[in-house]
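The values are calculated or read from the model by the stated rules, or taken from the named source; none is laboratory data. Quick caveat: nothing in here was measured; it's all calculated off a predicted structure. Cβ coordinates were reconstructed from backbone atoms using ideal geometry, including for glycine residues, and neighbour counts include every protein chain displayed.
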Amino acid sequence: MPERKSLDVQPETVAAAYGVASDTAFGAVAPPLYLSSTYEFPGFDTPGAYDYGRVGNPTRDLLGEAIARLEGGAGAVLTPSGMAAVDLLAGSLGNGSLVLAPHDCYGGTMRLLAARAKLGQITLKLVDQTDLAAFEAALAERPALVLIESPSNPLMRIVDIAALSGLARAAGAKVVVDNTFLSPAIQQPLSLGADYVLHSTTKFINGHSDVIAGAVVAADAEEVKRLRHWANVTGAICSPFDAWLTLRGVRTLFARMAGQERNAMAIATRLEAHPAVSHVHYPGLASHPHHALARRQQKGFGAMMSFELAGGVPAVQRFLKAMRVFTLAESLGGVESLVAHPATMTHVDMGPEGRAKAGITDGLLRLSVGLEHVDDLIAGLDAGLAAC
């Protein structure tokens with residue numbers, strides 16, 4: 001793969017054109033897909049730029065470079081899933097290291113960290129990171145890694161990444177921010193003081209619901225080397241084809257996010273005014289308790305939201321049966337609009353007590369807003385709400 005020039009261009013240009021026309025073999029405009037598992041050595045004891053697919057792959061590296069550029073990092077490590085990205089960091093910690101995580105983090109993240117803790121490989125502490133006093137008290141226990149999720153999944157809570165990162169660093173901890181909900185098109189946590197950014201690239205970065213993959217971006221080049229080594233040791237690497245598909249998704253990231261956010265804002269406003277809805281969780285609304293903070297540290301508000309139906313589970317059941325356009329499914333970030341019921345889907349493993357502590361009620365629904373016409377999306381939601 002040829003060396004790619006580091007041009008001083010805007011992020012939108014990086015997303016749309018990074019690696020374009022870099023093929024020296026045939027002059028292909030679109031970067032080629034390299035599926036080879038192994039590569040020829042030029043001679044005895046003389047490996048080339050690539051030797052074995054687990055260690056490195058040109059297609060995977062091109063995507064990693066693009067994501068790192070978009071996040072402002074020193075490099076990226078691509079993993080086979082978003083959970084593998086979380087585990088790349090947690091699994092490479094010293095035995096018994098303390099991980100400080102949000103009390104309302106994504107259910108899969110909590111499941112993974114709890115499983116590692118049960119095996120005695122890490123110690124896990126959950127804390128409400130919107131409570132600064134509680135966060136500072138937890139830092140006194142000297143965590144090795146602080147996980148931040150902002151916005152949170154599914155309640156869209158926002159925390160001050162710069163403030164929390166500064167406190168964590170002062171306590172000797174590394175900070176990782178899950179930026180899956182916003183993508184680098186809207187938020188760049190490394191510029192706010194984080195050490196790492198992680199993504200389920202399955203979601204907005206790919207954007208087409210046809211890939212499972214993840215990424216960790218590090219601010220420090222030595223940390224990139226360390227994590228690449230660990231990914232090679234464990235074999236937790238993204239496949240070339242998934243990387244190629246994801247790079248194709250990156251090309252339209254900014255355009256997709258802008259369109260989806262416009263739709264989301266219109267939907268959130270409509271939901272907030274509906275009598276069947278008791279609460280809407282969307283940072284773009286002035287009524288959101290962290291609206292001002294979101295405006296300060298984000299470039300927009302994204303396409304994710306959740307809302308509470310006043311009628312609880314019976315209302316949820318009626319809504320899901322009558323709604324149109326939205327599809328009942330897990331995951332998020334695709335061009336199609338999805339609805340999920342966290343209590344029975346994405347966060348079921350938290351259990352009733354854990355969900356209650358996090359504020360996830362049985363009447364909560366999460367929306368991933370897509371690129372359909374906004375009138376059709378609102379009509380589809382109205383059909384469900386009319387049945388509540």
Q: Those residues that are touching a Gly at 6+ places or on another chain (Cβ under 9 Å) and surrounded by fewer than 19 Cβ atoms within 10 Å (Cβ to Cβ), I need them from segment 372-387; list them, please.
A: Glu372
Q: Identify, by number, the condition in (1) at pLDDT 95 or above; (2) in a loop (DSSP other than H, G, I, E, B); (3) under 21 Å from Ala194 (Cβ atoms) that Cys105 doesn't meet.
A: (1)
(Q) Being buried (at least 18 other Cβ atoms within 10 Å of the Cβ) and either over 23 Å from the mean Cα position of the chain (by Cα) or β-branched (Val, Ile, Thr) (or both) is the filter here; which residues of segment 124-147 pass it? (A) Val127, Thr130, Ala138, Leu139, Val146
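Looking at segment 132-165, which of the residues that are in a helix (DSSP H, G or I) and in contact with a strand residue (DSSP E or B) (Cβ under 9 Å, 6 or more places away or on another chain) is nearest to Ala218 (Cα to Cα)?
We begin by selecting, within segment 132-165, every residue in a helix (DSSP H, G or I); these are 132-139, 161-165.
If we keep only those that are in contact with a strand residue (DSSP E or B) (Cβ under 9 Å, 6 or more places away or on another chain) too, we end up with 134-135, 137-139, 161, 164-165.
Details: Ala134: 27, Phe135: 23, Ala137: 27, Ala138: 24, Leu139: 22, Ile161: 16, Leu164: 18, Ser165: 14 Å.
Once the filter is applied, the top-ranked residue is Ser165.
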Q | Of all residues making up segment 355-388, the number that are over 30 Å from Thr252 (Cα atoms), at pLDDT 95 or above and of a type outside the set (A, V, I, L, M, F, W, C) | A | 4
Q: Examine segment 373-384 for a residue that is outside the structural domain of Ile186 (by TED's automatic domain parsing), under 16 Å from Lys203 (Cβ atoms) and not β-branched (Val, Ile, Thr), and state whether such a residue exists.
A: no
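Please enumerate the residues belonging to segment 1-33 that are among the acidic types (Asp, Glu) and at pLDDT 95 or above. Spell out how you get there, then give the answer.
The initial filter retains those residues of segment 1-33 that are among the acidic types (Asp, Glu), namely 3, 8, 12, 23.
Hit for segment 1-33 is Glu12, nothing else.
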Q: Starting from residues that are outside any helix (DSSP H, G or I), over 21 Å from Ile161 (Cβ atoms) and not β-branched (Val, Ile, Thr), keep the ones in segment 72-92 and report whichever is nearest to the chain's Cα centre (by Cα).
A: Ser81
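Considering each of Thr252, Thr246 in turn, give the residue that is more than 30 Å from Gly172 (Cα to Cα) and surrounded by 24 or more Cβ atoms within 10 Å (Cβ to Cβ). Steps first, please.
Numbers: Thr252 fails: surrounded by 24 or more Cβ atoms within 10 Å (Cβ to Cβ).
Among Thr252, Thr246, only Thr246 is more than 30 Å from Gly172 (Cα to Cα) and surrounded by 24 or more Cβ atoms within 10 Å (Cβ to Cβ).
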Q: Would you mind finding the one in Ala171, Ala162, Ala185 that is surrounded by fewer than 23 Cβ atoms within 10 Å (Cβ to Cβ), assigned by TED's automatic domain parsing to the domain that holds Phe204, modelled with pLDDT of 95 or more and within 30 Å of Ala16 (Cβ to Cβ)?
A: Ala162
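Being part of a helix (DSSP H, G or I) and either surrounded by fewer than 17 Cβ atoms within 10 Å (Cβ to Cβ) or of a type in the set (Val, Ile, Thr) (or both) is the filter here, so list the residues in segment 346-363 that pass it.
As a first pass, look at segment 346-363 and keep what is part of a helix (DSSP H, G or I): 348-358.
Those that are part of a helix (DSSP H, G or I) and either surrounded by fewer than 17 Cβ atoms within 10 Å (Cβ to Cβ) or of a type in the set (Val, Ile, Thr) (or both): Val348, Asp349, Gly351, Pro352, Glu353, Ala356, Lys357.
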